[in-house]
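One structure is given below, encoded as structure tokens.
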Amino acid sequence: MEKIGLNEIREKYLSFFESKGHLRLESFPLVPQNDSSLLLINAGMAPLKPYFTGKEVPPGKRVTTCQKCIRTPDIERVGKTARHGTFFEMLGNFSFGDYFKREATTWAWEFVTKTLAIPVDKLWVTIYEDDDEAFDIWTQEVGVAPERVVRMGKEDNFWEIGTGPCGPCSEIYFDRGAEAGCGRPDCAVGCDCDRFVEFWNLVFTQFDRDEDGNYNRLAHPNIDTGMGLERIATIMQGVNNIFEVDTIRNIMLEISRVANVNYGASEASDISLRVITDHIRSTTFMVCDGVGPSNEGRGYVLRRLLRRAARHGKLLGIKKPFLFEIADTVIRESASAYPQLAEKRDYIKRVIKIEEERFDETIDAGLSILEDEIKQLEKIQSNVLSGENAFRLYDTYGFPIDLTREILAERSMSVDIEGFDKCLTEQKERSRAGRKVGEEAAWSEDIYTKLDCSLSTEFEGYTNECAEAKITAIIFNDEITDSVHDGQDAVIITDKTVIYGESGGQTGDTGVIEGGGAIAEVVGAKKLGDGKILHFVAVKEGTLSVGDSVTTRYDKERRADITRNHSATHLLQKALREVLGSHIEQAGSYVDSERLRFDFSHYEPVTREQLCEVEKKVNDAIMAALEIEIRYMPVKDAKEMGAMALFGEKYGDTVRVVNMGSYSIELCGGCHLSNTSQAGLFKILSEGGVAAGVRRIEATTGRGVLAYMARYEEIAAHIARVFRTNEAEIVKKAESVAVELHDMQKKFEEIKSKMAANSAKDLLSSVRHIGEVDVVVAQIDGVASDELKAMCDEIKTKISCCAVVLAANTGGKITFVAAANKAATEKGVHAGSIIRAVTAICGGSGGGKPDMAQGGGRDAMKIDDALANVDEIILQQLKK
């Protein structure tokens with residue numbers, strides 16, 4: 001059995017099923033698209049659910065993919081065993097109402113025994129216990145000996161993951177030999193030992209399981225197969241686990257080099273090497289697919305993996321950030337199949353490095369504190385860390401709770417998760433709040449913990465334009481101080497203010513703080529979770545000191561613009577629910593003086609017609625001059641009157657209700673108009689998707705709409721000048737120009753066709769004979785792929801049995817086109833295979849059908865070599 005590399009196996013598989021009429025699709029992103037049931041793609045068929053259920057039309061009835069996947073249920077076991085991993089690639093071939101069991105089993109056996117040349121006596125097959133049809137196909141048609149087909153129950157041979165397509169399955173096993181087994185007399189397929197390795201699962205998809213657990217018959221039975229790429233690589237390379245597979249081993253070797261530790265030196269270091277190897281693969285691909293570190297959802301999965309790997313780096317003695325450098329090896333090993341890794345190299349490394357540096361700043365202190373807590377537990381003979389202490393590690397030192405649990409488990413201890421969850425709920429806003437103005441942190445979090453906890457700020461800015469206040473604290477240069485002088489930037493806290501601190505999606509006010517001849521410009525403000533409002537100031541005149549009496553005043557014009565946009569956001573949500581449906585939930589929002597941004601739950605693009613209707617409804621509410629009433633009331637009463645609350649948000653017993661003429665009623669702590677007419681006008685600027693199941697609308701109001709109109713009036717005037725017409729005639733003139741361009745393009749295409757025909761005639765003089773097939777091979781630079789195809793088509797009509805291979809280097813873009821007429825394809829010529837071979841020589845890729853194919857290359861120096869190989873490629877095809 002020949003040893004084959006992981007990347008080669010992937011290509012062999014995809015090419016094999018392309019030869020069986022399958023459309024090769026690129027891997028879908030790890031972030032699910034329009035699928036709220038998954039956090040991350042965890043199976044090869046997961047992105048194809050809509051095709052299996054018939055909700056969407058697949059691009060082809062036969063599809064083959066190699067899908068990136070992430071699974072984290074066994075994350076604590078990764079590293080401790082050589083079996084477990086979070087990242088893997090799943091090879092799959094799929095049929096959407098086309099072929100079924102017979103073809104799936106026949107092709108699987110052909111690929112395993114012919115393409116991979118695995119000995120038949122090493123293979124076993126399992127089937128679902130009641131699937132007699134599968135047994136007959138395997139034994140009577142495929143030719144597998146009946147004694148090597150094993151019937152198994154639903155737990156083993158009925159495939160399903162949550163909701164969606166499912167059905168009975170057959171699995172193919174590899175026998176590693178008695179020496180790899182447990183030694184028991186009854187050791188057989190299905191044994192938990194390492195002898196029999198299941199590597200390919202053929203699912204005969206007949207059902208769709210809904211959220212209620214019902215199994216509904218699919219309109220057409222489908223095929224969904226999955227073969228773990230890493231697992232089949234272990235078999236083909238004769239190694240014991242995934243960490244010894246060539247590409248993965250190369251990553252581990254790089255980590256070993258950085259840590260100066262050899263794999264196999266000790267069990268402890270082996271665990272760390274395996275953890276880092278697996279987790280850096282996962283994180284590199286996740287970041288590439290748009291996942292960023294955070295404390296929620298898939299972002300938390302990424303942060304958890306990165307920080308777990310970073311911690312194991314420290315256990316190996318690595319003192320500095322290193323994972324971002326290991327990402328280079330991951331990219332190198334996988335870029336041939338996933339070129340976007342190389343394209344996003346700098347971004348991937350930057351995200352990983354920043355997260356490493358953040359964790360590096362806190363982990364040493366956190367580990368020290370955790371070690372002290374463990375010693376204290378040992379002293380009092382307890383083995384449970386309190387939820388409060390676990391939360392302090394999480395909130396202050398950035399320790400994922402899973403990491404705390406893992407470290408405690410190593411000492412046979414645990415954590416009070418219920419207590420941790422309680423703390424997390426109580427301090428949710430503070431744990432998430434970033435201490436930033438713009439893009440830079442204003443001050444480290446430690447500064448705020450040093451402030452007198454009794455300090456608070458009373459906000460009077462809902463009804464007053466200014467407030468008399470006293471300065472209660474000043475922070476300058478990351479230190480608490482007594483005073484600040486002209487020319488200095490600082491943070492000032494007062495006992496009262498009218499300046500709104502950024503919170504709840506509304507940007508902070510700007511304004512002034514003045515008193516005793518001193519003036520400070522407020523350039524931003526932020527509200528902390530405990531109620532303090534931070535004024536970020538630039539002192540323009542004099543000195544301000546703690547205890548000074550001052551006046552706070554906000555920028556009225558800017559506040560008015562912000563308020564218009566905020567009130568319009570409420571109207572927008574109501575209009576969206578009316579137009580799109582009651583499933584609309586706010587997923588995030590932000591309002592400032594220029595525009596509003598509203599994220600909402602919705603699983604498809606909003607049409608232009610729907611956007612127009614939404615915009616009209618908001619403007620109708622503005623024109624209706626609805627009174628806006630703001631009241632404080634018990635949360636129970638607010639809900640009874642239909643007030644909308646932010647999904648997942650926790651509220652106190654008393655809430656602030658913003659009621660816009662009973663049209664829109666929401667709980668909100670922001671600044672609002674007194675009448676909807678004060679918004680002036682509302683205009684949607686853009687709509688698009690920001691995440692799976694989340695859409696975003698950006699819009700503006702009032703003076704923002706006037707600026708929008710002025711900008712487009714200028715554009716219209718500019719276009720009119722270009723067309724040399726007046727603004728009223730722009731559309732008519734544009735249509736006229738479009739017709740002229742279409743006519744010119746048509747004439748141009750006719751000229752190109754004539755040129756292609758002439759070029760084709762010239763090429764006929766270079767025909768050479770390969771067996772019974774006439775072959776034309778040439779390089780014609782400066783032409784596009786369409787022109788090459790036209791030349792191929794022209795030549796095919798002039799020669800009864802021919803194959804044509806043309807190449808072009810046009811502005812640095814290397815293109816190959818191959819074609820064969822029917823007589824040539826009947827003799828074995830396959831244009832798609834020719835293209836795959838020649839483009840590979842040039843460092844590129846391509847493919848297509850037997851009669852027409854195209855592809856691209858990267859190395860222009862290899863074009864001659866590629867074309868020189870065409871004769872031999874065709875000769876080999878004719879011999880088959």
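On inspection, Asp130 passes the criterion of being out of contact with any Ser or Thr (no Cβ under 8 Å at 6 or more places or on another chain), open to solvent by 50 Å² or more (accessible area, probe 1.4 Å) and either assigned to a helix (DSSP H, G or I) or closer than 27 Å to Cys191 by Cα (or both). On inspection, Asp871 does not qualify as charged (D, E, K, R), open to solvent by 50 Å² or more (accessible area, probe 1.4 Å) and within 16 Å of Gln779 (Cα to Cα). All conditions but one from (1) within 26 Å of Ile697 (Cα to Cα); (2) part of a strand (DSSP E or B); (3) without any contact (Cβ under 8 Å) to a residue 24 or more places away in the chain apply to Glu557; the one that does not is (2). Residues considered: Leu673, Leu576. Of these, the only one that is open to solvent by less than 10 Å² (accessible area, probe 1.4 Å) and either out of contact with any Ser or Thr (no Cβ under 6 Å at 6 or more places or on another chain) or part of a loop (DSSP other than H, G, I, E, B) (or both) is Leu576.
For segment 39-68, a residue qualifies if it is touching a helix residue (DSSP H, G or I) at 6+ places or on another chain (Cβ under 8 Å), under 22 Å from Val287 (Cα atoms) and without any contact (Cβ under 8 Å) to a residue 40 or more places away in the chain, and exactly one does: Ile41.
Search segment 302-329 for residues being more than 17 Å from Phe87 (Cβ to Cβ) and among the basic types (Lys, Arg), and hand back the single one that is most open to solvent (accessible area, probe 1.4 Å). My answer is Lys319.
Val78 passes all but one of (1) at pLDDT 85 or above; (2) surrounded by 22 or more Cβ atoms within 10 Å (Cβ to Cβ); (3) out of contact with any His (no Cβ under 6 Å at 6 or more places or on another chain); which number fails? It fails just one condition, (3).
Among residues of segment 624-650 being surrounded by fewer than 14 Cβ atoms within 10 Å (Cβ to Cβ) and closer than 27 Å to Arg695 by Cα, the one that is modelled with the highest pLDDT is Gly642.
The set of residues in segment 651-668 being of a type outside the set (D, E, K, R), surrounded by 15 or more Cβ atoms within 10 Å (Cβ to Cβ) and modelled with pLDDT of 90 or more consists of Val657, Val658, Asn659, Met660, Gly661, Tyr663, Ser664, Ile665, Leu667, Cys668. Contact list please: Cβ distance under 8 Å, first residue in segment 316-339 and among the β-branched types (Val, Ile, Thr), second residue modelled with pLDDT under 95 and open to solvent by less than 10 Å² (accessible area, probe 1.4 Å), pairs at least six apart or on different chains. Filtered contacts from segment 316-339: Val330/Leu341; Ile331/Leu341; Ile331/Ile348. Going through segment 486-528 one residue at a time, which ones are touching a residue at least 40 places away in the same chain (Cβ under 8 Å), under 15 Å from Asp592 (Cα atoms) and not in a loop (DSSP other than H, G, I, E, B)? Within segment 486-528, Ser503, Gln506, Gly511, Val523, Gly524, Lys526 meet the criteria. Hey, can you tell me all the residues within segment 590-623 that are within 17 Å of Gly704 (Cβ to Cβ), over 26 Å from the mean Cα position of the chain (by Cα) and open to solvent by 70 Å² or more (accessible area, probe 1.4 Å)? Listed by number, the residues that qualify are Glu594, Arg595.
Filtered by the rule that a residue be aliphatic (A, V, I, L, M), part of a strand (DSSP E or B), open to solvent by 30 Å² or more (accessible area, probe 1.4 Å) and at pLDDT 90 or above, segment 676-728 gives a lone residue, Leu685.
Within segment 703-729, residues that are closer than 24 Å to Asp592 by Cβ reach partners that are at pLDDT 90 or above and among the polar types (S, T, N, Q) with beta carbons closer than 8 Å, at six or more positions or on different chains, in the pairs Gly704/Asn565; Ala707/Thr700; Tyr708/Thr700. Once segment 330-362 is narrowed to residues that are surrounded by fewer than 20 Cβ atoms within 10 Å (Cβ to Cβ) and under 18 Å from Gly313 (Cα atoms), the residue that is nearest to the chain's Cα centre (by Cα) is Lys349.
Restricted to segment 815-833, and to residues that are open to solvent by 10 Å² or more (accessible area, probe 1.4 Å) and in contact with a strand residue (DSSP E or B) (Cβ under 7 Å, 6 or more places away or on another chain), which residue is nearest to Ala760 (Cα to Cα)? The extreme case among them is Asn821. Please indicate, with yes or no, whether at least one residue in segment 8-16 is part of a loop (DSSP other than H, G, I, E, B) and under 26 Å from the mean Cα position of the chain (by Cα). Looking for residues that are part of a loop (DSSP other than H, G, I, E, B) and under 26 Å from the mean Cα position of the chain (by Cα), one finds none in segment 8-16, hence no. Could you list all residues from segment 432-467 that are at pLDDT 50 or above, open to solvent by 70 Å² or more (accessible area, probe 1.4 Å) and assigned to a loop (DSSP other than H, G, I, E, B)? Once the filter is applied, which keeps residues that are at pLDDT 50 or above, open to solvent by 70 Å² or more (accessible area, probe 1.4 Å) and assigned to a loop (DSSP other than H, G, I, E, B), segment 432-467 yields Lys450, Asp452, Cys453, Ser454, Tyr462, Thr463, Glu465. Among the residues that make up segment 498-506, is at least one of them open to solvent by less than 20 Å² (accessible area, probe 1.4 Å), of a type in the set (Ser, Thr, Tyr) and at pLDDT 95 or above? Yes, because at least one residue in segment 498-506 is open to solvent by less than 20 Å² (accessible area, probe 1.4 Å), of a type in the set (Ser, Thr, Tyr) and at pLDDT 95 or above.
The values are calculated or read from the model by the stated rules, or taken from the named source; none is laboratory data. Since the structure is predicted, the reported quantities are computational estimates derived from the model, not experimental observations. Positions of Cβ are generated from backbone atoms using ideal geometry, with glycine treated the same way; all protein chains shown enter the neighbour counts. Just the protein is used for accessible areas: all its heavy atoms, side chains included, with ligands, DNA and RNA removed. Shrake-Rupley method; radii C 1.70, N 1.55, O 1.52, S 1.80 Å.
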